[in-house]
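As structure tokens, the structure follows; a few thoughts come after it.
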Amino acid sequence: MENVSGKIVAITGASSGLGAETARQLVAAGAKVVLGARRLDRLQALADELGAANVAVFALDVTDRDQVRAFIDFAVTTFGRVDVVINNAGIMPLAPLDMARLDEWDQAIDVNIKGVLWGIAAALPHFQAQKSGHFINVSSVAGHTVRQGNAVYAATKHAVRVISEGLRQEVKAYNIRTTIISPGAVDTELPASVKAPGVAEGIAGFYEKLAIPASSFGRCVLFAISQPADMDVNEILYRPTAQEG
Ligand SMILES: NC(=O)c1ccc[n+]([C@@H]2O[C@H](COP(=O)([O-])OP(=O)(O)OC[C@H]3O[C@@H](n4cnc5c(N)ncnc54)[C@H](OP(=O)(O)O)[C@@H]3O)[C@@H](O)[C@H]2O)c1
């Protein structure tokens, strides 16, 4: 595919769901991918599926800023440069605030907000030096709305959009592109990160009824990357056709 073939793409949260499916689509389009997540066995299985020449894997916890820097440096030393960083790792521990699940709030902020910031901090010097690069940061429909029971998750996803828009404005001089992708319900392992009793069941039912395949997200990524270098796709918001809110 035009403008995708030969690109080096680093993906956080690539062991399942949107990240894994996007890796498949990118390799099929001729890109090379560097996959990060904590479950190294899953990454290794994906690398075996996609072919060793196209894939490098790295055990990564995005809450650790040193590991995120090492992940991006690993991409550059393995393939010579990095063209696209997809800050995708995320969790969705939904629960009403009065359940006071404070550890989950901490974790959601650490993974969904700080993980994205560490990804930006790690890749920016490389992108600035090469005067090109592309950040794709994963927000959500919950980055545009808030509902009862998702305040903390929605706050993290709003933060991803705000940070990405600030980044967009600041990196013009370096020819760097920034894309926010905000999906609705997509069939992945994400509902498993909802642990609150009484909440998890409802979310699982919602996803079972509505969720569309992860290939939807991969197509958005390929669309953004495949545009010519003078076109910066800043934001994509999409939902299953049947999803109301
Ligand atoms: N699916 C949807 O409906 C939907 C909708 C809107 C937005 N999103 C967003 O899409 C992104 C991907 O989620 P998904 O739907 O593909 O869910 P998923 O299947 O649960 O994948 C989440 C990925 O994030 C990784 N991850 C979680 N914590 C991590 C950490 N501390 N360090 C490194 N990696 C970590 C997981 O890998 P390990 O556990 O192996 O580390 C996994 O690869 C998330 O940001 C999510 O908020 C999803």
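The values are calculated or read from the model by the stated rules, or taken from the named source; none is laboratory data. Every value quoted in this text rests on a predicted model; they were computed, and no experiment measured them. Because the Cβ atoms are built from the backbone with ideal geometry, glycine has one as well, and the counts that use them run over all protein chains shown.
Could you pull out the residue among 23, 89, 75 that is part of a loop (DSSP other than H, G, I, E, B) and either in contact (Cβ under 8 Å) with a residue 24 or more places away in the chain or in contact with a Leu (Cβ under 6 Å, 6 or more places away or on another chain) (or both)? Give the derivation first.
Details: 23 fails: part of a loop (DSSP other than H, G, I, E, B); 75 fails: part of a loop (DSSP other than H, G, I, E, B).
Answer to the selection: 89.
In this structure, does residue 218 turn out to be in contact with an Asp or Glu (Cβ under 6 Å, 6 or more places away or on another chain), small (Gly, Ala, Ser) and either more than 9 Å from the ligand (Cβ to nearest atom) or under 15 Å from residue 94 (Cα atoms) (or both)?
Yes: the conditions hold for residue 218.
Would it be correct to say that residue 18 is buried (at least 24 other Cβ atoms within 10 Å of the Cβ), near the ligand (Cβ under 6 Å from one of its atoms), closer than 19 Å to residue 118 by Cα and within 17 Å of the chain's Cα centre (by Cα)? Walk me through it before giving the result.
Numbers: buried (at least 24 other Cβ atoms within 10 Å of the Cβ): yes; near the ligand (Cβ under 6 Å from one of its atoms): yes; closer than 19 Å to residue 118 by Cα: no; within 17 Å of the chain's Cα centre (by Cα): yes.
Spelling it out, it is not the case that residue 18 is buried (at least 24 other Cβ atoms within 10 Å of the Cβ), near the ligand (Cβ under 6 Å from one of its atoms), closer than 19 Å to residue 118 by Cα and within 17 Å of the chain's Cα centre (by Cα).
Is it true that some residue in segment 38-60 is β-branched (Val, Ile, Thr) and part of a helix (DSSP H, G or I)?
Checking segment 38-60: not a single residue is β-branched (Val, Ile, Thr) and part of a helix (DSSP H, G or I).
Keeping to segment 160-203, report how many residues are in a helix (DSSP H, G or I) and within 12 Å of the ligand (Cβ to nearest atom).
7
Given (1) assigned to a loop (DSSP other than H, G, I, E, B); (2) touching a residue at least 24 places away in the same chain (Cβ under 8 Å); (3) within 16 Å of the ligand (Cβ to nearest atom); (4) among the hydrophobic types (A, V, I, L, M, F, W, C), where does residue 146 come up short, assuming only one miss?
Result: residue 146 fails condition (2) only.
Inspect segment 193-205 for any residue being out of contact with any Pro (no Cβ under 9 Å at 6 or more places or on another chain) and in contact (Cβ under 8 Å) with a residue 12 or more places away in the chain and give the result as yes or no. Can you show your working first?
At the first step, the residues of segment 193-205 found to be out of contact with any Pro (no Cβ under 9 Å at 6 or more places or on another chain) are 197-198, 201-202, 205.
Add one more test, that the residue is in contact (Cβ under 8 Å) with a residue 12 or more places away in the chain, and what stays is none.
No, segment 193-205 has no match at all.
Out of all the residues in segment 119-150, which are within 29 Å of residue 244 (Cα to Cα) and of a type in the set (S, T, N, Q)?
137, 139, 140, 145, 148, 150
Residues to consider are 64, 41, 48; find the one that is more than 14 Å from the chain's Cα centre (by Cα), of a type in the set (D, E, K, R) and closer than 23 Å to residue 110 by Cα.
64 is the lone residue from the list that is more than 14 Å from the chain's Cα centre (by Cα), of a type in the set (D, E, K, R) and closer than 23 Å to residue 110 by Cα.
Quick check: is even one residue across segment 234-245 out of contact with any Pro (no Cβ under 6 Å at 6 or more places or on another chain), in contact (Cβ under 8 Å) with a residue 24 or more places away in the chain and away from the ligand (no atom under 16 Å from the Cβ)?
Yes: one or more hits.
Scan 121, 59 and give me the residue that is modelled with pLDDT of 95 or more and in contact with a Leu (Cβ under 9 Å, 6 or more places away or on another chain).
Just a single option satisfies the conditions, and that option is 59.
Can you confirm whether segment 35-44 contains a residue that is touching a residue at least 40 places away in the same chain (Cβ under 8 Å) and either among the charged types (D, E, K, R) or surrounded by 23 or more Cβ atoms within 10 Å (Cβ to Cβ) (or both)?
Yes - at least one qualifying residue is present in segment 35-44.
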